[in-house]
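The values are calculated or read from the model by the stated rules, or taken from the named source; none is laboratory data. For clarity, every value in this text was computed on a predicted model and none was experimentally measured. For neighbour counting, all protein chains shown are included, and Cβ atoms are generated from backbone atoms with ideal geometry for every residue, glycine included. When the accessible area is computed, the model is the full protein with side chains, heavy atoms only, and any ligands, DNA or RNA have been set aside. Shrake-Rupley method; radii C 1.70, N 1.55, O 1.52, S 1.80 Å.
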Amino acid sequence: MGPTPNLQWLATACKQYGPGRLPRANRRDVGAGYAGAAAALAIALTFALGMVVLYQLGVSHDLIHPFWGMSALVSLPFVVPTAFLVGTAVWRYLPARIPYFGAVAGVVTTVLTYVISLVLVFFALLAIVATSSGTGIETTAELLEVAAGLTLLIGIFATVMTTWLTIPIGCLSGVIYERARVVPTR
(Lines give C-alpha, C1' and ligand atoms only; values in the text may rest on other atoms or scores of the structure.)
Protein backbone atom coordinates (compact mmCIF):
# COMPACT_ATOMS: atom_id res chain seq x y z
CA MET A 1 0.00 0.00 0.00
CA GLY A 2 1.47 3.34 -1.06
CA PRO A 3 1.43 6.66 0.73
CA THR A 4 -1.66 8.83 0.64
CA PRO A 5 -1.54 11.63 -1.94
CA ASN A 6 -1.60 14.29 0.80
CA LEU A 7 1.34 12.72 2.61
CA GLN A 8 3.19 12.36 -0.69
CA TRP A 9 2.60 16.03 -1.43
CA LEU A 10 3.67 17.08 2.08
CA ALA A 11 6.84 14.98 2.01
CA THR A 12 7.80 16.33 -1.41
CA ALA A 13 7.05 19.94 -0.41
CA CYS A 14 9.11 19.68 2.80
CA LYS A 15 12.07 18.18 0.98
CA GLN A 16 11.98 20.60 -1.96
CA TYR A 17 10.77 23.88 -0.46
CA GLY A 18 10.74 23.62 3.31
CA PRO A 19 13.04 22.48 6.09
CA GLY A 20 14.06 19.44 4.04
CA ARG A 21 16.49 21.66 2.11
CA LEU A 22 18.40 22.70 5.23
CA PRO A 23 21.80 21.23 6.14
CA ARG A 24 21.70 17.61 7.31
CA ALA A 25 17.91 17.45 7.02
CA ASN A 26 18.32 14.00 5.50
CA ARG A 27 19.46 12.72 8.91
CA ARG A 28 16.54 11.33 10.90
CA ASP A 29 17.32 13.26 14.09
CA VAL A 30 18.25 16.59 12.52
CA GLY A 31 15.27 16.43 10.18
CA ALA A 32 13.05 15.87 13.22
CA GLY A 33 14.62 18.93 14.83
CA TYR A 34 13.74 20.99 11.77
CA ALA A 35 10.21 19.55 11.81
CA GLY A 36 9.86 20.44 15.50
CA ALA A 37 11.12 23.97 14.95
CA ALA A 38 8.83 24.42 11.94
CA ALA A 39 5.86 23.17 13.98
CA ALA A 40 6.75 25.53 16.87
CA LEU A 41 6.98 28.46 14.47
CA ALA A 42 3.69 27.57 12.78
CA ILE A 43 1.90 27.14 16.12
CA ALA A 44 3.16 30.45 17.50
CA LEU A 45 2.23 32.35 14.35
CA THR A 46 -1.18 30.66 14.14
CA PHE A 47 -1.89 31.39 17.79
CA ALA A 48 -0.82 35.04 17.42
CA LEU A 49 -2.92 35.51 14.30
CA GLY A 50 -5.88 33.73 15.91
CA MET A 51 -5.81 36.02 18.93
CA VAL A 52 -5.78 39.13 16.76
CA VAL A 53 -8.49 37.89 14.39
CA LEU A 54 -10.81 36.72 17.18
CA TYR A 55 -10.39 40.05 18.96
CA GLN A 56 -11.10 41.97 15.75
CA LEU A 57 -14.22 39.84 15.18
CA GLY A 58 -15.51 41.03 18.54
CA VAL A 59 -15.03 37.84 20.54
CA SER A 60 -14.98 39.16 24.07
CA HIS A 61 -13.09 37.22 26.71
CA ASP A 62 -10.13 37.87 29.00
CA LEU A 63 -8.17 35.11 27.30
CA ILE A 64 -8.75 36.45 23.79
CA HIS A 65 -6.69 39.55 23.28
CA PRO A 66 -3.90 40.67 20.94
CA PHE A 67 -1.59 40.86 23.98
CA TRP A 68 -1.57 37.06 24.16
CA GLY A 69 -0.87 36.87 20.45
CA MET A 70 2.06 39.24 20.81
CA SER A 71 3.39 37.17 23.71
CA ALA A 72 3.47 34.19 21.35
CA LEU A 73 5.60 36.22 18.94
CA VAL A 74 7.93 37.29 21.78
CA SER A 75 8.40 33.61 22.65
CA LEU A 76 9.76 32.73 19.19
CA PRO A 77 13.47 33.30 19.97
CA PHE A 78 13.14 30.90 22.90
CA VAL A 79 10.75 28.31 21.54
CA VAL A 80 11.90 27.71 17.95
CA PRO A 81 15.61 27.01 18.64
CA THR A 82 14.65 24.96 21.69
CA ALA A 83 12.20 22.90 19.63
CA PHE A 84 14.97 22.22 17.10
CA LEU A 85 17.47 21.09 19.74
CA VAL A 86 14.94 19.07 21.72
CA GLY A 87 13.47 17.47 18.60
CA THR A 88 16.93 16.45 17.45
CA ALA A 89 17.79 14.98 20.86
CA VAL A 90 14.48 13.15 21.30
CA TRP A 91 14.67 11.51 17.88
CA ARG A 92 18.31 10.59 18.50
CA TYR A 93 17.99 9.15 22.01
CA LEU A 94 14.40 7.91 22.39
CA PRO A 95 14.39 4.15 21.71
CA ALA A 96 12.96 3.47 18.25
CA ARG A 97 11.19 0.34 19.50
CA ILE A 98 8.57 2.45 21.33
CA PRO A 99 5.12 1.83 19.86
CA TYR A 100 3.74 4.79 17.92
CA PHE A 101 7.19 6.34 17.98
CA GLY A 102 6.33 9.46 15.95
CA ALA A 103 3.39 10.39 18.17
CA VAL A 104 5.31 9.75 21.38
CA ALA A 105 8.38 11.62 20.13
CA GLY A 106 6.19 14.54 19.08
CA VAL A 107 4.56 14.81 22.51
CA VAL A 108 7.86 14.39 24.37
CA THR A 109 9.45 17.05 22.17
CA THR A 110 6.56 19.43 22.83
CA VAL A 111 6.64 18.97 26.61
CA LEU A 112 10.42 19.29 26.82
CA THR A 113 10.29 22.38 24.62
CA TYR A 114 8.02 24.03 27.20
CA VAL A 115 10.30 23.07 30.09
CA ILE A 116 13.61 24.05 28.49
CA SER A 117 12.17 27.26 27.01
CA LEU A 118 11.05 28.27 30.49
CA VAL A 119 14.54 27.61 31.85
CA LEU A 120 15.89 29.94 29.15
CA VAL A 121 13.22 32.52 30.02
CA PHE A 122 14.24 32.29 33.69
CA PHE A 123 17.86 33.12 32.84
CA ALA A 124 16.79 35.94 30.50
CA LEU A 125 14.56 37.42 33.20
CA LEU A 126 17.33 36.99 35.74
CA ALA A 127 19.65 39.01 33.50
CA ILE A 128 17.03 41.67 32.83
CA VAL A 129 16.08 42.12 36.48
CA ALA A 130 19.73 42.06 37.61
CA THR A 131 20.73 44.81 35.19
CA SER A 132 17.66 46.99 35.69
CA SER A 133 18.06 49.97 37.94
CA GLY A 134 15.44 51.16 40.36
CA THR A 135 13.87 47.76 40.97
CA GLY A 136 14.45 47.87 44.71
CA ILE A 137 15.99 44.40 44.61
CA GLU A 138 18.99 44.26 46.91
CA THR A 139 19.83 40.61 47.51
CA THR A 140 20.49 37.60 45.33
CA ALA A 141 17.60 35.81 47.01
CA GLU A 142 15.20 38.60 46.03
CA LEU A 143 16.57 38.57 42.48
CA LEU A 144 16.04 34.81 42.19
CA GLU A 145 12.57 35.09 43.72
CA VAL A 146 11.46 37.76 41.24
CA ALA A 147 12.86 35.90 38.21
CA ALA A 148 11.37 32.60 39.40
CA GLY A 149 7.99 34.21 40.08
CA LEU A 150 7.83 35.84 36.66
CA THR A 151 8.92 32.59 35.00
CA LEU A 152 6.24 30.67 36.90
CA LEU A 153 3.56 33.13 35.78
CA ILE A 154 4.73 32.94 32.17
CA GLY A 155 4.83 29.15 32.37
CA ILE A 156 1.32 28.91 33.80
CA PHE A 157 -0.16 31.24 31.22
CA ALA A 158 1.74 29.62 28.34
CA THR A 159 0.63 26.17 29.44
CA VAL A 160 -3.01 27.09 29.98
CA MET A 161 -3.26 29.16 26.81
CA THR A 162 -1.46 26.88 24.36
CA THR A 163 -1.20 23.22 25.38
CA TRP A 164 -4.62 22.49 23.89
CA LEU A 165 -3.01 23.38 20.54
CA THR A 166 0.63 22.37 20.95
CA ILE A 167 0.25 18.84 22.32
CA PRO A 168 -2.02 17.56 19.51
CA ILE A 169 -0.01 19.36 16.82
CA GLY A 170 3.26 18.09 18.31
CA CYS A 171 1.87 14.55 18.25
CA LEU A 172 0.59 14.97 14.69
CA SER A 173 3.86 16.56 13.58
CA GLY A 174 5.81 13.57 14.90
CA VAL A 175 3.52 11.13 13.10
CA ILE A 176 3.68 13.07 9.84
CA TYR A 177 7.47 13.41 10.03
CA GLU A 178 7.88 9.70 10.74
CA ARG A 179 5.71 8.74 7.79
CA ALA A 180 7.09 11.40 5.44
CA ARG A 181 10.62 10.07 5.97
CA VAL A 182 9.70 6.81 4.27
CA VAL A 183 7.83 8.47 1.39
CA PRO A 184 9.97 8.70 -1.74
CA THR A 185 9.96 12.09 -3.44
CA ARG A 186 9.30 12.35 -7.13
### Task
Give me the distance in nm between label points sitting 7 Å out from Cα along the Cα-to-Cβ direction at Ser60 and Leu76, one decimal.
3.2 nm
### Task
Would you work out what percent of the accessible area of the stretch 20-181, with all protein chains in place, is carbon or sulfur (probe 1.4 Å)?
72 percent
### Query
What order do Met51, Met70 take when sorted by accessible area (1.4 Å probe), most exposed first?
Met70, Met51
## Note on the structure
Stretched fully, the stretch from Ala141 through Arg28 gains (0.36 nm per residue minus C-alpha distance, one decimal, in nm) 36.3 nm
#### Entry: Sequence ranges 30-37, 42-49, ranked by mean other-Cβ count within 10 angstrom, highest first
30-37, 42-49
### Query
Quick one: Karplus J couplings for the stretch 113-127, per residue in order, coefficients 6.51, -1.76, 1.60, θ = phi - 60°, nearest Hz, x for Gly and Pro?
5, 4, 4, 5, 4, 5, 4, 5, 4, 4, 5, 5, 5, 4, 5
### Message
As a test question: what accessible area, to the nearest 10 Å², does Val74 have when a 1.4 Å probe is rolled over all protein chains in place?
### Response
100 Å²
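What full-extension length gain, to one decimal in nm, is calculated for Ala127 and Val115 as 0.36 nm per residue of separation minus the Cα-Cα distance?
2.4 nm
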### Message
As an exercise, use a Förster radius of 22 Å and the Cβ-Cβ distance of Ala148 and Leu45 to find the FRET efficiency, rounded to the nearest 0.05.
### Response
0.15
